[in-house]
Amino acid sequence: MSFGSIINLIKRKLKGSLQCAIDDGMLVESDVSVMGGVNFGSEPYLIHLEKNCRISFDVAFITHDGGTWAFRNSSSKYANVIKYGKITVGEYSFIGCRSIIMPGVTIGKNCVIGAGSVVTKDVPDGTVVAGAPARLICSTKEYAEKCYEEVPREFDFDKYQKDKKQYRMQLYKDE
């Protein structure tokens with residue numbers, strides 16, 4: 001085996017690799033953003049990321065329930081029990097850093113999953129959830145209005161786009 005083949009094999013086996021997950025069958029639509037350290041689990045083929053969704057860093061997608069291990073040997077009745085579930089993330093949804101998405105969860109369109117959340121149930125379109133387990137916080141529209149109210153009135157988007165760091169430092173220097 002060549003050195004290049006070994007390197008490619010190592011890269012392929014790295015957990016959290018978007019390309020590795022795609023190669024293993026994960027469905028990723030257009031304009032999806034995935035930050036570093038995302039773990040797509042051992043069954044990425046059960047994950048569907050719809051267009052324009054954004055996944056922050058250190059998110060974990062759990063597509064199976066490893067807890068079945070604890071009782072499979074207790075009775076022949078449970079010997080072959082396994083539990084898997086597909087995960088879907090809807091269009092224009094955002095999953096905050098270090099969140100965990102459990103098996104069988106569908107996150108609707110235009111949703112926000114707060115950082116550090118454990119999502120155990122489906123999330124309806126247009127909602128914000130957070131916590132462990134995740135619970136409804138508000139609608140995405142309510143969240144948008146709150147964010148809008150917090151934008152400094154003197155905000156200049158063109159200057160911000162030109163030099164984000166400098167603009168933010170100036171804007172927030174008195175806080």
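The values are calculated or read from the model by the stated rules, or taken from the named source; none is laboratory data. Note that this is a predicted model, so its numbers are computed, not measured. FYI the Cβ positions are ideal-geometry reconstructions off the backbone, even for glycines, and counts take in every protein chain you see. Ligands, DNA and RNA are stripped out before the accessible areas are found, and what is left, the full protein with its side chains, is counted by its heavy atoms. Shrake-Rupley method; radii C 1.70, N 1.55, O 1.52, S 1.80 Å.
Numbers for the structure displayed
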| item | result |
| --- | --- |
| Among Gly104, Gly66, Gly96, residue whose mean-square fluctuation peaks in a GNM of the chain (springs only between Cα atoms under 10 Å) | Gly66 |
| 1.4 Å probe accessible area per residue over the range 31-175, in Å² | 63 |
| Charge tally in the Cβ shell below 14 Å around Tyr92, where Lys, Arg are +1 and Asp, Glu are -1, Tyr92 excluded | -1 |
| Nearest 10 degrees, 0 to 90: helix 140-150 Cα axis against the chain principal axis | 40 |
| Residue-span extension gain [Asp31 to Lys121] - 0.36 nm each, minus C-alpha spacing | 29.9 nm |
| Using a Förster distance of 45 Å, the FRET efficiency for Ser42-Tyr143 (Cβ separation, nearest 0.05) | 0.85 |
| Cut-off under 5 Å, modelled amide H: who pairs with Ser117 long-range | Ser99, Ile100, Gly131 |
| Contact order normalised by residue count of the chain, Cα under 8 Å, 6+ apart, percent | 13 |
| Aspartates and glutamates whose Cα lies under 19 Å from that of Lys164, excluding same-chain neighbours fewer than 8 positions away | Glu150, Glu154, Asp156, Asp174, Glu175 |
| Exceeding the 22 Å Cα-Cα cut-off - candidates Lys109/Lys165; Lys83/Lys121; Lys121/Lys146; Lys86/Lys146; Lys109/Lys162; Lys86/Lys121 | Lys109/Lys165; Lys121/Lys146; Lys86/Lys146; Lys109/Lys162 |
| Estimated [θ] at 222 nm from DSSP helical runs (n ≥ 4, -39500 (n - 2.57)) normalised by residues in the chain, nearest 500 | -6500 deg cm²/dmol |
| Helix 3-13 axis, angle to the chain major axis (alpha carbon atoms, nearest 10°) | 80 |
| For the chain, built as a Gaussian network whose Cα springs stay under 10 Å, the top-fluctuating residue of Arg72, Arg135, Arg153 | Arg153 |
| Carbon and sulfur %, accessible surface of the range 57-115 computed with the full protein complex present, 1.4 Å | 56 |
| The range 74-167 - share of DSSP beta bridges that are antiparallel (%, nearest 5) | 35 |
| Identified option (computed Kirkwood radius over Cα pairs in Å; candidates [x] 19.5; [y] 18.4; [z] 16.0) | [y] |
| DSSP bridge orientation in the chain - percent antiparallel, rounded to nearest 5 | 20 |
